[in-house]
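Presented below is the structure to which this report refers.
The values are calculated or read from the model by the stated rules, or taken from the named source; none is laboratory data. As the structure is a prediction and not an experimental result, all values here were calculated from the model. Every residue, glycine as well, gets a Cβ built from its backbone with ideal geometry; the counts of neighbours run over all protein chains shown. What goes into the accessible areas is simple: the full protein's heavy atoms, side chains included, and nothing from ligands, DNA or RNA. Shrake-Rupley method; radii C 1.70, N 1.55, O 1.52, S 1.80 Å.
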Amino acid sequence: LQKVSIINKTYSTFLAIFPVIILFISVLANSKYNFSYDDNYLSFNISYIIVFFWSLKRPEYLGYGFIFLAGILNDVIQNNPLGISSIEYLSICVLTAFVRRRIILQNLIYDWVFFLISILIVGSINYIILVYIFNIPIVYNGLLLGLFATFLIYPILAKILSWIDNIVQASINDKKNQ
């Protein structure tokens, strides 16, 4: 009986930190997934979606410290100046906190529109910092195409993350009822 209890506690703890695990896996897997077609590269950033979704729906799952650490790790992996991704991720958190306070009814369409606005603001911040402060050349068309591709896959990943959120919430409710 005690062995089953330990397994249940381990499972509940794993589910409670699962959003953090997903974020770090996406960062370690290089966070930007590139596809080439006729010498054109299409990339999308799953980390933006994860940070936006969890900080909008359940901000208690991802702490700002974990988000900051994921950004630093992303910068090290992608050879960016340290702190750029952290600024991007935390900017998304600030924007979602603003949206969360203003929206009474949340649904996928509203979230999707605000996600577009958020990633456009974050992309602009990214471009300004990298080009004007660090003098790193960036192809703006490629950045916009990547942001648009990220925008397009948001509904699919939001449904998957909602399903994961339902599993985590069921586990938390079961833990409270015991």
With an 8 Å cut-off on Cα pairs and a minimum separation of 6 or more residues, tell me the relative contact order of the stretch 49-170 in percent. 24
Phi-based couplings in Hz for the stretch 154-170 (Karplus 6.51, -1.76, 1.60; Gly and Pro marked x): 4, x, 5, 5, 5, 5, 5, 5, 5, 4, 5, 4, 5, 5, 5, 5, 5
Range of Cα positions in the stretch 82-178 per principal axis (Å), largest first: 57, 27, 24
Using θ = phi - 60° and the Karplus curve 6.51 cos²θ - 1.76 cosθ + 1.60, what whole-Hz ³J(HN,Hα) does each residue of the stretch 67-81 get, with Gly and Pro shown as x? 5, 4, 5, 5, x, 4, 4, 4, 5, 5, 5, 8, 6, 9, x
Under 29 Å, Cα to Cα: Lys pairs in the chain, sequence gap 8 or more or different chains: 13
For the chain, Kirkwood radius (reciprocal of mean inverse C-alpha pair distance, Å): 17.3
Simple label model, 7 Å out from Cα along Cβ direction - residue 138 to residue 124, nm: 1.3
For residue 44, the residues 5 or more places away or on another chain with a placed amide H closer than 5 Å to its own amide H are 33
When the accessible area of the chain is split by element with a 1.4 Å probe, what percent falls to carbon and sulfur? 67
With axes computed from alpha carbons, what is the tilt in degrees of helix 18-28 against the longest principal axis of the chain, rounded to the nearest 10 within 0 to 90? 30
Quick check: the angle from helix 84-102's long axis to the longest principal axis of the chain, C-alpha only, nearest 10 degrees? 60
Extending each Cα 7 Å along its Cβ direction at residue 113 and residue 16, get the distance between those two points in nm, one decimal. 3.7
Hey, what D do you get for the stretch 133-178 in µm²/s if you plug the Kirkwood alpha-carbon radius into Stokes-Einstein at 25 °C and 0.890 mPa s? 178
Name the chymotrypsin sites (Phe, Trp or Tyr not before Pro) in the stretch 120-167 that are in a loop by DSSP and that have at most 12 other C-beta atoms within 10 Å, would you? 134
Å² per residue, accessible surface of the chain at 1.4 Å: 59
As I understand it, the value is the acute angle between the Cα axis of helix 108-128 and the longest principal axis of the Cα atoms of the chain; what does it come to in degrees, rounded to 10? 50
